[in-house]
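S.K.: Let me begin by handing over the structure; questions about it come next.
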Amino acid sequence: MIYDWNFNVVWEYRGVYWNGAQTTLAISFLSLFFAMILGLIIGIARQSNIRVLSIAASWYVEIIRDTPLLVQIVWIFYCLPILVGIDMTAFWSFVFTISVHFSAYMAEIIRAGIASIDKGQTDAAKVLGLTYFQAMKRIVLPQAYRRMLPPLVNNFADMIKLSSLASVLGVYELLHSIDNIIMNTFRPLELYTVLAIVYFLIIFPVAFGARRLEIHYAQKFSR
């Protein structure tokens, strides 16, 4: 059987691709912003000498990393409002979930970056009268960010890919938008093929940038 390809349907619904891509990028950038803030806090807490903070941060990372993202999405959307009495739209519920999920991974990247800096620099900062957080801000983090940047960019690429899970909550990102069109046009091959290309065009520059950063810093540190 020869399939009769017809890409006119893709051009007809090009606006849907555009709107879906905007929603996908909005989810990704908002999630990156919140995940970075939360990940930085948790990562610093993981390296803290205050035992309570360190243990609490460690448990946070383990719980988040050891439960499936899809379960987290469903639990936060359906169960969290019952427990705390705060209703969130599907969009913000997903942004919140993906931010929390990736903050655990970013916290580990940040923790590893901090640990890679010679401990003697932190000790020297204490001798100079700086607090732990002042030492982090002025001495440790500015040096560690070069080592953290490539894996953080990789995490951002993963965020974009996993943004498609927002379709579970009915958010009109790329995948859910195209699914609705397919139900009306019965043209899954054309629409899904172009959808894959659109995702590639969005994610490839980020992934390529991460690889270039890895090569750049690997060469820099090897000198």
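S.K.: So what's the back-of-envelope 222 nm ellipticity for the chain, counting only DSSP H runs of four-plus at -39500 (n - 2.57) apiece and dividing by all residues, rounded to 500?
M.R.: Working: 11 runs with 176 residues, N = 223.
Taking each H run of at least 4 residues, the total per residue is -26000 deg cm²/dmol.
S.K.: Straight-line reach from LYS126: which aspartates and glutamates have Cα under 15 Å away, leaving out those fewer than 8 places along the same chain?
M.R.: Output for LYS126: ASP118.
S.K.: Something else about it: About the Cα centre of the chain, how large is the charge dipole given +1 on each Lys and Arg Cβ and -1 on each Asp and Glu Cβ? Please answer in debye to the nearest 20.
M.R.: I would put it at about 1180 debye.
S.K.: Build a GNM of the chain with springs between Cα atoms under 10 Å: which of LEU149, LEU189, LEU70 gets the top mean-square fluctuation?
M.R.: Looking only at LEU149, LEU189, LEU70, the biggest GNM fluctuation is shown by LEU189.
S.K.: Based on alpha-carbon atoms only, what is the radius of gyration of region 8-119 relative to the globular estimate 2.2 N^0.38 Å? Could the numbers behind the result be given before it?
M.R.: Working: Rg = 17.6 Å, N = 112, 2.2 N^0.38 = 13.2 Å.
Taking the Cα Rg and dividing by 2.2 N^0.38 Å, one obtains 1.33.
S.K.: Checking understanding here: applying a Kyte-Doolittle mean of at least -0.5 and a length along the axis of at least 20 Å (C-alpha), which whole DSSP H helices in the chain pass? Display every interim value, and only then the final one.
M.R.: Values: long enough: 14-46 (46 Å, 1.22); 51-65 (21 Å, 0.87); 90-115 (37 Å, 1.22); 141-162 (30 Å, 0.05); 188-222 (49 Å, 0.93).
Taking the DSSP H segments of the chain (at least 20 Å long, mean hydropathy at least -0.5), we get 14-46, 51-65, 90-115, 141-162, 188-222.
S.K.: How about LYS119: which aspartates and glutamates have a C-alpha closer than 20 Å to its C-alpha, ignoring those fewer than 8 places off in the same chain?
M.R.: Partners found: GLU108.
S.K.: Can I ask one more? How much of the calculated P(r) for the chain lies past 31 Å, in percent of all Cα pairs? Each step should come with its number before you reach the end.
M.R.: Working: 8831 of 24753 pairs.
Above the 31 Å cut-off, the chain has 36 percent of its Cα pairs.
Where a number appears in this text, it was derived from the coordinates with a stated rule and is not lab data. In this text, all values refer to a predicted model and were calculated from it rather than measured experimentally. Every residue, glycine as well, gets a Cβ built from its backbone with ideal geometry; the counts of neighbours run over all protein chains shown.
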